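Before any comments, here is the structure.
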Amino acid sequence: MQLRSGLVLLNQNKKEGTGVKKLPPLRAVQAFEAFGRHGSVRATADELGVTSGAVSQQIRRIEDMLGLRLLERHGKVISLTPWGRIYHSRISGAFDQLREAQAELQVLREESSLVVSCLPSLASKWLGPPLFDWQMKTGAHVRLVGTGAEPQRGDEPVDFRISYGDRVKAFEHYAELFTDWVVPACSPAFLAANPVRQPADILRRTLLGIEWDSGYQQPPSWRDWAESIGERPPNAPRDLRFSISSAAIDAAVNGRGFVLAQLSMVRDDLMAGRLVAPFDLRLKLAQTYFLAWELSALDKPLGAELRAWIVRISRRQAALNRELLPGGPVPVPSGGHDGGQLKKI
């Protein structure tokens, strides 16, 4: 009888255009949907983290708005009325879709990788090796992209970007990392075949130059280094120029000449003896490396941890740059020029 009279009421409202237009509060609908699944006020309260009284109050709000009884009591047992079953069957599908959407996003979030875009030489010589160890230790999924181009809309999504200098102005969220230094270095074999007794002798050897793309402020050149030690640059320097720092460093490792190597990129080579620095006479880069990120990256698994780790190893690099070079400068032969004072920073 109640169901029939309710249908008559709904049909009448539909004809007269007076049907319910205002939806009940979502919290109230959520409470009713949970009760329909559990069949218990207490279990519903436990799921939602509220009291049993709060659950009953929310369901009564829906009943008042609909003008229908959704629950009925039989002794101590509370169950859905026929109207309650109809209403629950309709809203439960919507809540199932919400739960499925949340679960799908969670799976995608867990499976998605962290994309780090980095200047090529810094990626291969500084960030790549320790990042591999960090990834193995944490189980993170990381994709390292070496490129000189800054991320643009429409490109592959990037979570973190490590770049240099004024390009930081293109980003909203960033932190400075470290300012690097360069020092003349070559392979032990090249030094043995082309010994130097004083710093100025380096300028008369084969020099490997580095010229970055025009969008960056250039690193110190051999002309800059010659002036820093009070010497005139060679009139016709015998050098080969590279646009990528790592390529110039690799050429030096292979015995092709001296390179003004960034400390962050050659520390391992110096420690392993693949490169030597006859004189610890350094020049500082004009600008700083920085880390930029998208806020969404911090919501990914281990995103915030990766950002903190990059900042931490950059601080370690800054501290290493203040120390003497691994292995120390090569001793100056007897009777040679000591090159002035070693520049200890």
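Values as computed for the structure displayed
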| item | result |
| --- | --- |
| Leu119 long-range amide H proximity, modeled H, under 5 Å | Thr147, Ile162 |
| HN-Hα J in Hz across the stretch 65-72 - Karplus 6.51, -1.76, 1.60, θ = phi - 60°, x for Gly and Pro | 5, 7, x, 9, 7, 9, 10, 9 |
| Stretchable slack from Arg69 to Gln217, in nm (0.36 nm times residue separation minus alpha-carbon distance) | 45.8 nm |
| FRET efficiency, Ala193 to Glu231 (Cβ-Cβ, R0 30 Å, nearest 0.05) | 0.85 |
| For a label point 7 Å along the Cα-to-beta-carbon line of Leu324, residues of the stretch 248-292 with backbone N under 14 Å | 277-281 |
| Largest-first ellipsoid semi-axes for the stretch 44-83, taking √(5λ) over the Cα gyration tensor eigenvalues, angstrom | 18, 14, 8 |
| Leu23/Lys76 FRET efficiency (R0 30 Å; Cβ-Cβ; nearest 0.05) | 0.40 |
| Förster radius 22 Å - calculated FRET efficiency between Ser40 and Arg60 (Cβ-Cβ, nearest 0.05) | 0.85 |
| Under-5 Å amide H pairs with Asp239, H placed in peptide plane, nonlocal only | Leu207 |
| Estimated vicinal HN-Hα couplings, Hz - the stretch 239-247 in sequence order (Karplus 6.51, -1.76, 1.60; Gly, Pro = x) | 9, 10, 9, 10, 8, 10, 4, 4, 5 |
| Extension gain from Asp268 to Asp299, taking 0.36 nm per residue of separation minus the Cα-Cα distance | 7.8 nm |
| Added length on full extension, which subtracts the Cα-Cα distance from 0.36 nm per residue, Val50 to Val145 | 29.4 nm |
| Long pairs among Lys137/Lys284; Lys22/Lys300; Lys125/Lys300; Lys137/Lys169, criterion Cα-Cα beyond 31 Å | Lys137/Lys284; Lys22/Lys300; Lys137/Lys169 |
| Amide H contacts under 5 Å for Ala261, placed H, 5+ residues apart | Val183, Ala185 |
| Karplus (6.51, -1.76, 1.60) ³J(HN,Hα), θ = phi - 60°, over the stretch 176-193, in Hz, Gly and Pro reported as x | 6, 9, 7, 9, 8, 10, 10, 8, x, 9, 8, 7, x, 5, 5, 5, 5, 7 |
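Just so you know, all these numbers are worked out from the coordinates, no wet-lab data involved. All figures in this text were calculated on a predicted structure; none of them were measured in a lab. Quick reminder, even Gly has a Cβ in these numbers, built from the backbone with ideal geometry, and neighbours come from all protein chains shown.
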